[in-house]
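Following: one structure in structure tokens, then a few remarks.
The values are calculated or read from the model by the stated rules, or taken from the named source; none is laboratory data. Since the model is a prediction, treat every value here as computed from it, not as a measurement. We place every Cβ from the backbone using ideal geometry, glycine too, and count neighbours over all the protein chains shown. Ligands, DNA and RNA are excluded from the accessible area calculation, which covers all protein heavy atoms including side chains. Shrake-Rupley method; radii C 1.70, N 1.55, O 1.52, S 1.80 Å.
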Amino acid sequence: MKKFYIATFGCRTNQADSMAIRHDFFSQRFEEVRHCIQADVVIVNSCTVTHRSDQQVRQLSRKLKRENPRALLIVTGCYAQRSPDALTCIPEIDAVVGNSHKDKIVQIATQSCNLPPTPPGRKEEPVVYRGEFSQLKVLNPIPAGGMQRRTRPFVKIQDGCDAKCSYCIIPFVRGPSRSVSPDLVIEQVRKLIVAKYKEVVLTGIHLGTYGMHLRPRYSLVQLLTDIISLPDLVQVRLSSIEPMQLSRQIIAMAAECGKIAPHFHICLQSGSDRILKKMLRPYSVAKFAGIVEEIFNKVPNAAIGTDVITGFPGETEEDHQQTLAFIEDMPFTYLHVFPYSDRAGTSASRMKGKIASKIQKRRSLQLRQLSEKKNEAFRQNFFGQRVSVLTLNEEKDGMREGITGNYLKVRVPAVLPGNEVVTGVVTGEDEEGRLLLRVVA
């Protein structure tokens, strides 16, 4: 039996794509291994949001090939779609497969595995599989069979993006926004419920635009309404969502229905209206604040996370201080901080006023310190409180990882099985900020 190994970079949508790739390999009777040295095929599912992510993909690709030179090495994902030429220059890589051809990876691998071996000392040029997204009309949902390693399976309901944020390369590497039909999503979620999963995570590149291009049109609100009506569903969680696509109805549903996780990750990017305008973000700081405040007032214990880009071209110290002050005033529970990274082809890459790396690092550190302070305060609100926790598969030193509905990491005794919902009282936290739980009946 042939074996495969997969390494994944980036967002939850990429992780969902890797689950689909796994399923395709399983369907062709491949076996997944946990160490690349055992594999006949090695897949690197790449990210390309920043220069750093590109560098990490290149470094890992070379490392994996050194560890297993006989394996077929395929690099796929966003970097492969954006810049295949940069990857074909790396002699260790055998094939470059863009997002447009991800569903062909197992076919490519099978064909390559059946070819006679390349003579020693001879290296074939990497094959590139990449094309346009215009003919992609409907996405296939991710089969449940590919998700069995996770206790919180991702269901990819949308891909691509029609927005034109000045810094973002994603529309170029993911294509236009398109959605899975609601019937297929519901069928997928129903299968996961039957398989006894306790939480399902809905993911996409621009999640809030779900259904806008379906005919007839459908909405994320309608989809959530259908999902929470499914018998035996325990919890559904939304991944990152753009603020102007976060319907007030969804906030109200989360407040009224215990089946929607009280966790909202909405992307701010800057607390300066001037910078938001340069980024081509379709909201003001005041409008964003109104959304956050509505979540906080209607779902008081909700986790509210956000993304922030620091060091955007032309960002002054005053802009940075406005961002810090805004975040300080808002009830955020964590931040994802990204130093601005030029992406060729975006309008921001042509802007003047690039910020020095030293200044970016200082501003990033200040934002991360603020994030840590806010997250610590949020965690401590639950000391002595009773919480429900979904246990995960990860365990170490006699303890198992868990996660609350509002996205707090928890440690429980490893004697408890994974994929179970347990209730306990928070007794404190460990040195890494994970809550400690005394399990109660």
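Observations on the structure shown:
- The residue that is most open to solvent (accessible area, probe 1.4 Å), among those in segment 154-168 that are in a strand (DSSP E or B) and of a type outside the set (Phe, Trp, Tyr), is Lys156.
- Residue check for Phe382: assigned to a helix (DSSP H, G or I), over 13 Å from Gln269 (Cβ atoms) and at pLDDT 95 or above: no
- Checking the stated criteria, Val387 turns out to be in a strand (DSSP E or B), buried (at least 17 other Cβ atoms within 10 Å of the Cβ) and within 26 Å of the chain's Cα centre (by Cα).
- Checked against the criterion of being within 17 Å of Val106 (Cα to Cα), open to solvent by less than 60 Å² (accessible area, probe 1.4 Å) and in contact with an Asp or Glu (Cβ under 8 Å, 6 or more places away or on another chain), the candidates Phe26, Phe4 yield just one match: Phe4.
- Residue that is farthest from the chain's Cα centre (by Cα), among those in segment 153-211 that are closer than 18 Å to Ile266 by Cα and acidic (Asp, Glu): Asp162
- Helices (runs of 4 or more DSSP H) completely within segment 38-106 that count 3 or more residues being among the polar types (S, T, N, Q) and within 26 Å of Phe338 (Cβ to Cβ): 51-67
- If the condition is being out of contact with any strand residue (DSSP E or B) (no Cβ under 6 Å at 6 or more places or on another chain) and surrounded by fewer than 21 Cβ atoms within 10 Å (Cβ to Cβ), then segment 263-275 contributes Asp273, Arg274.
- Residues that are closer than 15 Å to Met399 by Cα and in a strand (DSSP E or B) within segment 414-423 comprise just one, Val422.
- Residues satisfying the stated conditions in segment 234-253, i.e. farther than 25 Å from Ser177 by Cα and surrounded by 19 or more Cβ atoms within 10 Å (Cβ to Cβ): Gln235
- None of Glu317, Glu328 is within 25 Å of Phe264 (Cβ to Cβ), acidic (Asp, Glu), at pLDDT 95 or above and open to solvent by 40 Å² or more (accessible area, probe 1.4 Å) except Glu328.
- Annotation note: of Leu392, Leu335, the sole residue that is part of a strand (DSSP E or B), under 28 Å from Ala261 (Cβ atoms), of a type in the set (A, V, I, L, M, F, W, C) and modelled with pLDDT under 95 is Leu392.
- Residues satisfying the stated conditions in segment 219-241, i.e. within 23 Å of Thr404 (Cα to Cα), of a type outside the set (Val, Ile, Thr) and touching a helix residue (DSSP H, G or I) at 6+ places or on another chain (Cβ under 9 Å): Leu224, Leu230, Pro231, Asp232, Leu233, Leu238, Ser239, Ser240
- Of all residues in segment 83-103, those being among the aliphatic types (A, V, I, L, M) and open to solvent by 10 Å² or more (accessible area, probe 1.4 Å) number 1.
- Count - residues of segment 403-417 that are within 20 Å of Ile193 (Cβ to Cβ) and open to solvent by less than 20 Å² (accessible area, probe 1.4 Å): 2
Yes or no, residue by residue, for (1) part of a helix (DSSP H, G or I); (2) under 22 Å from Leu408 (Cβ atoms):
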site	(1), (2)
Ala252	yes, no
Phe264	no, yes
Ile275	yes, no
Tyr283	no, no
Phe288	yes, no
Val292	yes, yes
Asn297	yes, yes
Thr306	no, yes
Asp319	yes, no
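- Segment 395-413, subset over 19 Å from Val200 (Cα atoms) and in a strand (DSSP E or B), residue farthest from the chain's Cα centre (by Cα): Pro413
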